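See structure below.
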Amino acid sequence: MRPKRMTAMSALYSLLVLSPASVRAEIVVPRGSGAPLPYREAGLSEREAAAHLLDRLAYGARPGEIDRVVAMGIEAWMEVQLAANAQEGALARFLTPLPALAMSPRSIVETYPPNPALLRMAEEAGVIERQRQPGRESVDADPADAVDRREQRRKVAAWMEREGLKSERVLVAQSYAQKLLRAVYAENQLQEVLADFWFNHFNVSITDNAVRNYLLTYERDAIRPHLTGSFRELLESTAKHPAMLAYLDNFQSIANPGQPTLAEARDSGAMAGRGRGRGAGGTGGGPGMSGNPRRPGGGLSGEMGRRAETGTSPPPRPNRPQGLNENYARELLELHTLGVDGGYTQTDVVEVARAFTGWTFLPAGRLGEEGRSRLERARRAGMTGFVTEGEFLFRADGHDAAAKSVLGVALPRGRGIEDGERVLDLVASHPATARHLATKLAARFIADEPNAALVDRLAATFTATKGDLGAMIRAIVSSPEFWAKEHRGQKIKSPLEVVVSSLRALGAEVDNPFPALEWVAKMGQPLYAYQAPTGFPDRADFWVNTGSLLARMNFGLELAAGRIPGIRFDFARLSGEREPESPAAALEMLATRFLPEREIAPTIEQLEPLLTRDDLSHEVAARAPEAPELPAFSPEDELGSFADLADPALAMGSAVGDGLAGPRERRAPGDLSQRRQSFERLDFYPAPVAMHTGVEPPTVFAGVAGLVLGSPEFQRR
Amino acid sequence: MWDRRAFLKSSGVALVSFGLGPDFLHRAASASGVSSGTSTRGKRTLVTIFQRGAMDALAAVPPVGGGELAKLRPRLAMNAARGSADGALLDLGVGFALHPAFADVAPLFRSRELAVVHAVGSPDATRSHFDAQDYMETGTPGRKGTSSGWLNRVCGELGHDATPFRAVAMTSALPRSLYGEEPAVAIARLEDFRVRMPGGERGAALAGKGFEALYAETTEELLGGTGKETFDAVKLLSESELSRYRPAAGVRYPTSPLGESLRQIAQLVKADVGLEVAFAESGGWDTHVAQGTAQGSFARRAEDLSRGIAAFWADLGERKDEVVLMTMTEFGRTVRENGSGGTDHGHGSCLFVLGTAVDGGKVHGDFPDLARGELYEGRDLPVTTDFRSVFSEVAEKHLGVSATSELFPGWRGSRLPLLRES
């Protein structure tokens, strides 16, 4: 075939018609070709193809959506999703109430200061007494203190209101809210699926105090812009974001003692002297930036160093010898790029770490501003080598400037930020990276254990397109394996996918996302809070265990019974205003709606006998006098036990000694009376109310719907 | 007092009325490794309590005599002279004392079931809660990429069949210690571990039957297998005995999250459901401000822990031989008090190990000479015993897991003798 003589489209089509084995590995799938996807060859109808795409590249079908996709055209829908061109409808309305979504990192820290900073600001404003008082005699907390603390809280709350300040908890709640609402309402569904995937790949945890304030902008600015773009750019934006720099400690990684730093190398090396003796970045760290990086405080000014534990600056460890930190380097190689068997050595890890020394970020808030102005003055005075990009800061005076060798490639001495950027080039284009990413993407979109030939082809596409992530998706949906019967309906949904696909299947309205989010955690997926850099494993056996299975079943029942606050739906809409004539008919209708184009006969077969017995129907409808009343959601508890997620320090059970709320007691599970009163109201959305409260049992219809939503079939996509 | 025969009898009645015959009981029993007569009795259980926030070891188990502590933390140090009669330290007679709030467990020290390990902790010097907890729970200090937790690896080494309740965390989310390949379940409340239908038990039972049928017949192996396990587990734990269960006579657990957790763990031990590893949490130990002495925030936490452990131990009754309880905390606190009447993040701390085979009534480990200023970085209690020495000792002697290199990859230390051979 001579591609030049045919249109790209028909060339691709004829190539795709060939059997998989004969497809040459070097195919580059052209952008925007709209080439037919090979679902017919796999024996699927258009409706089945649409259902499968919605299951895998979206969070499941909404009522009527399969019809819409078929009407639009399978390939056309695919193009729109890849280009993220779909017109958003309701979504904007749901996101508008969340102010943090549009804020810069600076505004965020100014509006939602971390607790230690908040406390300090309150002290400085004279709102509360200084915590450190030399003359203070008693250290016993006496009962009067409890009253004092309540009074303090009241004062601080009033002051915060006046100043327009909110706690970090309110910030975190917005990240969670937008995640669920986007997944449910976005028309550009593929973006949401990919945002989840790539965040997880470049995982950071909200439970880390140093990460929390940056998590929202990490997802928004480092991850989301590159979802179908260049892997190299995605990689770099995560490498330079404060969330990752803090999470994997690189912000405090500097050259080991004895190693020449960039500033010194320039001083003594080939570059012409700057004529200022040691001024131009000698071991003093450059004009304007006081402090040796190796002194306690990490080379930041004494002020910054003292503020180490306040959370407003990257906290260097007092009295600890400063030097190389290998954490980021190791995870960069092991998790983000080459993979654990990618063929790098421990020496490579150290060399990579050396390449990234000096990659840090400016503390947020006032101190960062001071740092910025000092840098500016220094630059005007002729200092070079330091780089700032947004919050990111490259410190020449912390960078190990000796020569390095990474994966067999020599990085000459005397280079600065180019060292790290060169390493990113090397790892992004490494064949092991192509395989590693191909494997992960294939696992997400095709099968837990993708076959080797498929991975080879996808890896080849990655390499040929220089890491074009959109091309990877295109290659995936163009592969026969994607459509193969043995793979369809075989992936176990993650808890987020269960919750979102249930809401979409019901055509539900989310008036308040927090109760539904709580279920995602109950099923075993604390969003944004997977503590290891590995992110949530994409494997069925991670998600499926006895406790989580029960939670999935109970979720289905409660949702369908209209007992989840904040969620509204109408069965009449689903049944098309035609009431099913019997429980069995209801079952058939619901299974068809919730599991479109899937094999539902076994589900119906299993459940039907239980429904046709008259006495059973009566039993379900009968009142049970001792039925335990489900706790109603009170307006003070918008977050309910989700408060743990919104307040990760509480989730960890550790009291972040901020003195603001006093020692934090974990409340007894289910004991609403001890629930910590909201410090401030989360008033983004109306207080969540369930469609049904009280003890009346659900209708048979709702019971059946719950059974389908909790069924094994619905747990799969 | 809960009685296994009553369980079999009562749940049989309850289930037959819903059309499930007696042979289910046989299935459920064999699923859990129980057959009439023998049982999972004899299987041992390790109960771990993670004290999150970094417990101040020098407030919990201070050295007595010498007055060094009083010099270093003049306002926080307690001694016999300072407190009133009911606030005095509890001298253990071995050069150390217990904080008075630990009164309920002091008898266990005297009965030689309780041991303290002092100046224990991690070789990694991080003072970040997040990182240090991560390192302790994964058992790989200094390494962040370890995906599994040490308790999950313990389960992997147990080498015999498991029931669905082999590894249980009394938390709402699975703790890091239990991340990994082996199945582990996080249950906040035992009575929630069932199919719940709003509006009635009958509806719930029917829904349960419906789900059970669906999961039994699904072609997807993992869902099918786990589904069956789930229903077997639920039946094992069915509501009827739970509501009848009462702790042993005279035992009263504190009404706190930890008290609740320990009560339910005792329930599980006595229910013979094959529990081998249990995890509970105690929070609020991060006492930066006004930690108090005989009273105050530290004392409150200590009292909760103490009463919980004492109640748990008494509740176990004759099952004590099967259980070892071990506490841990991510690091300790500064020896000197700070300017707010509290202490800041430190390094070494102490832990408790409780069991009938424990070499109790002693403070193990190598406590520094405070008079000679043997502090870590001039500020903290040092670490002279690696926590892995304790964890591996307990894993081996109590659970028979000796594959230390599997449990703690990269560690070449030795176990700290704490338990008698058995």
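Counting the residues of the stretch A:330-346 that are of a type in the set (Asp, Glu) and modelled with pLDDT of 95 or more gives 0. Of the strands (runs of 3 or more DSSP E) lying entirely inside the stretch A:325-430, those containing at least 2 residues that are over 17 Å from residue A:244 (Cα atoms) span A:404-406, A:409-411. The single condition among (1) crowded, with 24+ Cβ neighbours inside 10 Å; (2) of a type outside the set (Val, Ile, Thr); (3) not in a loop (DSSP other than H, G, I, E, B) that residue B:268 does not meet is (1).
Residues in the stretch B:317-375 that are over 20 Å from the mean Cα position of the chain (by Cα), more than 14 Å from chain A (Cβ to nearest Cβ) and charged (D, E, K, R): B:362, B:366, B:369, B:372, B:374. Helices (runs of 4 or more DSSP H) fully within the stretch A:432-485 that include at least 3 residues being β-branched (Val, Ile, Thr): A:452-464, A:469-477.
Scanning the stretch B:197-206 for any residue that is within 30 Å of residue A:533 (Cβ to Cβ) and in a helix (DSSP H, G or I) turns up nothing. Considering only residues in the stretch B:387-422 that are more than 19 Å from the chain's Cα centre (by Cα) and within 22 Å of residue B:114 (Cα to Cα), the one that is surrounded by the fewest Cβ atoms within 10 Å (Cβ to Cβ) turns out to be B:421.
Annotation: of all residues in the stretch A:394-413 being in contact with a Lys or Arg (Cβ under 7 Å, 6 or more places away or on another chain) and not hydrophobic (A, V, I, L, M, F, W, C), the one that is surrounded by the most Cβ atoms within 10 Å (Cβ to Cβ) is A:400.
Inclusion of residue A:422 among residues that are within 30 Å of residue A:257 (Cβ to Cβ) and in contact with a helix residue (DSSP H, G or I) (Cβ under 8 Å, 6 or more places away or on another chain) is warranted.
Out of everything in the stretch A:126-169 that is part of a loop (DSSP other than H, G, I, E, B) and surrounded by fewer than 11 Cβ atoms within 10 Å (Cβ to Cβ), what residue ends up being modelled with the highest pLDDT? Give the steps one after another, and end with the answer.
Filtering the stretch A:126-169 down to residues part of a loop (DSSP other than H, G, I, E, B) leaves A:126-142, A:164-167.
Adding the requirement that they be surrounded by fewer than 11 Cβ atoms within 10 Å (Cβ to Cβ) leaves A:126, A:134-135, A:137, A:164.
Working: A:126: 88, A:134: 35, A:135: 34, A:137: 36, A:164: 92.
By that ranking, first place goes to A:164.
Considering every residue within the stretch B:239-259, establish whether at least one is buried (at least 22 other Cβ atoms within 10 Å of the Cβ) and facing chain A (nearest Cβ under 7 Å). Looking for residues that are buried (at least 22 other Cβ atoms within 10 Å of the Cβ) and facing chain A (nearest Cβ under 7 Å), one finds at least one in the stretch B:239-259, hence yes. Scanning the stretch A:686-704 for residues that are assigned to a loop (DSSP other than H, G, I, E, B) and either within 13 Å of another protein chain (Cβ to nearest Cβ) or buried (at least 19 other Cβ atoms within 10 Å of the Cβ) (or both) yields a total of 11.
Residue A:58 falls short on exactly one of the conditions (1) assigned to a loop (DSSP other than H, G, I, E, B); (2) surrounded by 16 or more Cβ atoms within 10 Å (Cβ to Cβ); (3) at pLDDT below 95, and that condition is (3). Checking the stretch B:327-337 against the condition returns no match, with no residue being on the phi > 0 side of the Ramachandran plot, in contact (Cβ under 8 Å) with a residue 40 or more places away in the chain and outside any strand (DSSP E or B).
Among the residues that make up the stretch A:353-360, is at least one of them closer than 30 Å to residue A:111 by Cα and either surrounded by fewer than 24 Cβ atoms within 10 Å (Cβ to Cβ) or hydrophobic (A, V, I, L, M, F, W, C) (or both)? Checking the stretch A:353-360: at least one residue is closer than 30 Å to residue A:111 by Cα and either surrounded by fewer than 24 Cβ atoms within 10 Å (Cβ to Cβ) or hydrophobic (A, V, I, L, M, F, W, C) (or both).
Per the listing B:202, B:196, B:263, the residue uniquely closer than 19 Å to residue B:323 by Cα and not small (Gly, Ala, Ser) is B:263.
Annotation note: of A:347, A:360, the sole residue that is away from every other protein chain (no Cβ under 14 Å), over 27 Å from the mean Cα position of the chain (by Cα) and β-branched (Val, Ile, Thr) is A:347. What's the total number of residues in the stretch B:346-357 that are in contact with a helix residue (DSSP H, G or I) (Cβ under 8 Å, 6 or more places away or on another chain) and either free of Cβ contacts under 8 Å to residues at least 60 places away in the same chain or under 17 Å from residue B:69 (Cα atoms) (or both)? Summing the residues that are in contact with a helix residue (DSSP H, G or I) (Cβ under 8 Å, 6 or more places away or on another chain) and either free of Cβ contacts under 8 Å to residues at least 60 places away in the same chain or under 17 Å from residue B:69 (Cα atoms) (or both) in the stretch B:346-357 gives 3. Checking each residue in the stretch B:287-302 for being in a helix (DSSP H, G or I) and more than 7 Å from chain A (Cβ to nearest Cβ) picks out B:298, B:299, B:300, B:301, B:302. More than 10 Å from chain A (Cβ to nearest Cβ), touching a Phe, Trp or Tyr at 6+ places or on another chain (Cβ under 9 Å) and within 25 Å of residue B:61 (Cα to Cα): does that describe residue B:279? Answer is yes for this residue.
Modelled with pLDDT of 95 or more and surrounded by 19 or more Cβ atoms within 10 Å (Cβ to Cβ): does that describe residue B:115? Criteria met by residue B:115. Considering the stretch B:145-191, the residues that are among the hydrophobic types (A, V, I, L, M, F, W, C) and closer than 23 Å to residue A:334 by Cα include one that is nearest to the other protein chains (Cβ to nearest Cβ), namely B:178. Of note, residue A:192 satisfies the criterion of being more than 18 Å from residue A:526 (Cβ to Cβ), under 13 Å from the mean Cα position of the chain (by Cα) and part of a helix (DSSP H, G or I).
I'd like to know if the stretch B:207-215 contains one or more residues that are in contact (Cβ under 8 Å) with a residue 60 or more places away in the chain, under 23 Å from residue B:312 (Cβ atoms) and at the interface with chain A (Cβ under 7 Å from one of its Cβ atoms). For the stretch B:207-215, residues in contact (Cβ under 8 Å) with a residue 60 or more places away in the chain, under 23 Å from residue B:312 (Cβ atoms) and at the interface with chain A (Cβ under 7 Å from one of its Cβ atoms): absent.
The values are calculated or read from the model by the stated rules, or taken from the named source; none is laboratory data. No experiment lies behind these values; they were computed from the predicted model shown. All Cβ positions, even for glycine, are placed from backbone atoms using ideal geometry, and neighbour counts span all protein chains on display.
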